[in-house]
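The values are calculated or read from the model by the stated rules, or taken from the named source; none is laboratory data. Owing to the predicted nature of the structure, the values given are computational and were not obtained by experimental measurement. Cβ: placed from backbone, ideal geometry, glycine included. Neighbour counts: every protein chain shown.
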Amino acid sequence: MKNYIQIRNKITKFRKKIQVSGDKSISIRCVLLASQAIGTSKIYNLLESEDVLNSLKSIKKLGINYTKVNDYYQINGLGLAGYKTYKRIKIYAGNSGTFARLILGLLANSKNEITVVGDKSLSVRDFSRVTEPLQKFGIIINSNKSKLPVKIKGSNYLRPINYFEKLGSAQCKSAVIFAALKTPGKTKIKAKKSRNHTELLLKSLKFPITVVSKKNYDIIELEGQHNFNGFNYRVPGDISSSSFFIVLTLLSKNSQLIIKNVNVNKSRIGVIKILNRMNAKILLKNKKKYKGEETSDIIVSSKSNLKGISCPKNLNSAAIDEFLIIFLVAAKAKGISTFKNLGELNKKESPRLNIAVNFLKSIGVRVKRKNNDIKIHGNPKLELNGYYHIKNFKKDHRVFMMSCIAALSLGGKWKIYDKDSINSSFPNFIKTIKKLGAKVN
Ligand code: S3P
């Protein structure tokens, strides 16, 4: 089957209400925590993408049963010591840095050596950011230059640690929290602000964890070895997946979109804050609290007078997965936009900062890069009419989706390869752009 799509028409005006699939970060955390709970958990609206399905298959390898029943996944956890860590088990993480890093934390007490492997993209990413703190607990980890495959054997004598998480990485913070769940005594983490779904889920399960919020970081303390019971959870919509349609609406004429029930946790809505500073006027309506998370409907309309931004660095973490699509808005806004300290972007599923610079140049946008900072010269009149072939982006799902949005909002004749990349995070992406009127083949 062909693995590309062609887009030859800009999208015309639409007025729609849509729902996006479940949040990926929360889905993976739900699967993992349900696998550690005692008894049955029911997870509704779980994202059915490859990253999450690989998480489910992996817990099954570790002896945890799950089934899909109607509209929920039922997962039968066996408690904090419940994984069956037989010899020579290989865990396949696919494309998911989140799952690979978090499962390492949960293998803190594995009896035998377990090997974690991933796909081509994940196999070049750095794991020292998690293996270093995990080794401090007494866990034995072996790898070649901190890349996958990582071999991990737990310990019967885990010791709690004090850890300073400086990158603003929720994956590192969560891997340490997960290892601490297995460890007697109190683990203390000082963590630069990042998404906090793990902490909120554990709090909602009444696990003994405290979080003291300071301006730029959180102090997290937790007491290990407390079992918790199975739980029910309804995963809200994914703000990262929503961001593509938010930008499509902003850049298309006479359009309006309502996205129902999206997770708008403060640690995730950097994209909305940044776009609103660029004059986007995105509204959040029907705000609700759910198990510590905040959800709402998102309302967005077309905007012709977007302006450039000097993006404050303290929004980087909360918008980390959305910069590709934000850069597209900067390209169409009036004036110069600057984004700084984006080194972490090059450590994602592909080197996204490098790819973004090349992409923007290839569609005629003036862009300057200095180390990890970029400057984009916006042009509200930007319209494309050439031929654009997008390939060799390491099958990065977000590069694929951003390219589709560029095609649908800027014009030109596009052929975008590696369509299957969307399966890792958002298999319904193409169905949804079609619903908004996109003609693709
Ligand atoms: C994620 C954290 C972020 C993000 C990733 C998902 C998570 O990575 O980019 O897509 O679910 O914890 P870092 O922790 O490396 O910043």
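Name the single residue, out of those in segment 315-325 being over 18 Å from Gly97 (Cα atoms) and touching a residue at least 60 places away in the same chain (Cβ under 8 Å), that is nearest to the ligand (Cβ to nearest atom).
That would be Asn316.
I'd like to check which strands (runs of 3 or more DSSP E) are fully inside segment 342-432 and have at least 2 residues that are farther than 18 Å from Ile326 by Cα.
The strands (runs of 3 or more DSSP E) meeting that bar are 387-390, 413-417.
Here's a check for you: in segment 23-45, which residue that is in a loop (DSSP other than H, G, I, E, B) and more than 14 Å from the chain's Cα centre (by Cα) is farthest from Arg234 (Cα to Cα)?
My answer is Ala37.
Looking at segment 174-187, can you tell me whether even one residue there is in a strand (DSSP E or B) and away from the ligand (no atom under 11 Å from the Cβ)?
yes
Within segment 97-122, take every residue that is in a helix (DSSP H, G or I) and more than 16 Å from the ligand (Cβ to nearest atom) and give me the one that is surrounded by the most Cβ atoms within 10 Å (Cβ to Cβ).
Out of the qualifying residues, it is Leu107.
If Ile259 satisfies every condition in (1) of a type in the set (Val, Ile, Thr); (2) part of a strand (DSSP E or B); (3) in contact with a Phe, Trp or Tyr (Cβ under 6 Å, 6 or more places away or on another chain) but one, which is the exception?
The failed condition is (3).
I'd like to check something: does segment 315-325 contain any residue that is at pLDDT 95 or above, out of contact with any Lys or Arg (no Cβ under 9 Å at 6 or more places or on another chain) and either of a type in the set (Val, Ile, Thr) or under 28 Å from Ser255 (Cα atoms) (or both)?
Within segment 315-325, not a single residue is at pLDDT 95 or above, out of contact with any Lys or Arg (no Cβ under 9 Å at 6 or more places or on another chain) and either of a type in the set (Val, Ile, Thr) or under 28 Å from Ser255 (Cα atoms) (or both).
Which condition does Arg88 not pass, out of (1) surrounded by fewer than 16 Cβ atoms within 10 Å (Cβ to Cβ); (2) away from the ligand (no atom under 16 Å from the Cβ); (3) modelled with pLDDT of 95 or more; (4) of a type in the set (D, E, K, R), if it passes all the others?
(3)
Identify all residues within segment 233-254 that are touching a strand residue (DSSP E or B) at 6+ places or on another chain (Cβ under 8 Å), in a helix (DSSP H, G or I) and within 16 Å of the ligand (Cβ to nearest atom); write none if there are none.
Matches in segment 233-254: Ile239, Ser242.
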